[in-house]
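The block underneath contains the structure these notes are about, expressed in structure tokens.
The values are calculated or read from the model by the stated rules, or taken from the named source; none is laboratory data. In this text, all values refer to a predicted model and were calculated from it rather than measured experimentally. Don't worry about glycine lacking a Cβ; one is built from the backbone with ideal geometry, like all the others, and counts go over all protein chains shown.
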Amino acid sequence: MPVTDTAQASEGKKRNEDAFQATDVLLVDIYDEYGNTLFVVKGQLSWGHCLRIFDAAGCPVGCVKEKIFTWMPQFELYTGEDDYVGCLSRELTLFRPSYHIDCNDWRIEGSFWEWDYDILAPSRHTVAHIAKELWNWTDTYTIEVADPRDALCALMVVLAIDAEKCSRNNHT
């Protein structure tokens, strides 16, 4: 479901950062492979990142909230209005970023510098493959999701990693 971060998933979802950024407000549309809007992500002013996810009809379906005052960056993932589903946290490493996720017993593997990584289920099958598309004016990612029911959680993982990378790059 391809999604564009524009995020693309295995059925085809794209997250296009037709990003409107004014004073840290973010608006991102997520499209399928046919150009249909699947999700809209809206950043809101807060301490730390707070990204609210809406379906195409405008109903809230998820949220990614950065926990503040933590040793390493952590992002809580919620479905609906406030149903906690897990947390993504950056791990202390020397040469490249590494992340731990406690959502659906998933694991993340890959090359985070190049934005090419996989979300793996406990059975080691690929839940989603994420790749950064090069040569775009905005950050654009393809998320290929094997099961469309995992698209929202996979999108939240991508948003959390993107927010962590953005914070890290702004503080260096």
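A few comments on the model shown:
- Single condition Gly110 does not satisfy, out of (1) modelled with pLDDT under 85; (2) closer than 22 Å to Cys50 by Cβ; (3) part of a strand (DSSP E or B): (2)
- The C-beta contact set for segment 30-53 (first residue buried (at least 22 other Cβ atoms within 10 Å of the Cβ), second residue β-branched (Val, Ile, Thr) and part of a loop (DSSP other than H, G, I, E, B), distance under 6 angstrom, 6+ apart or interchain) comprises Ile30/Val3.
- Selection of segment 68-92 for residues being surrounded by 13 or more Cβ atoms within 10 Å (Cβ to Cβ), at pLDDT 80 or above and more than 25 Å from Leu134 (Cβ to Cβ) yields Gln74, Phe75, Glu76, Leu77, Tyr78, Thr79, Val85, Gly86, Cys87, Ser89.
- Residue within segment 51-66 that is over 16 Å from Val145 (Cβ atoms) and at pLDDT below 85 present: no
- All of (1) at pLDDT below 80; (2) in contact with a Phe, Trp or Tyr (Cβ under 8 Å, 6 or more places away or on another chain); (3) surrounded by 15 or more Cβ atoms within 10 Å (Cβ to Cβ); (4) of a type outside the set (D, E, K, R) hold for Ala163 with one exception: (1).
- Phe95 surrounded by 11 or more Cβ atoms within 10 Å (Cβ to Cβ) and at pLDDT below 90: no
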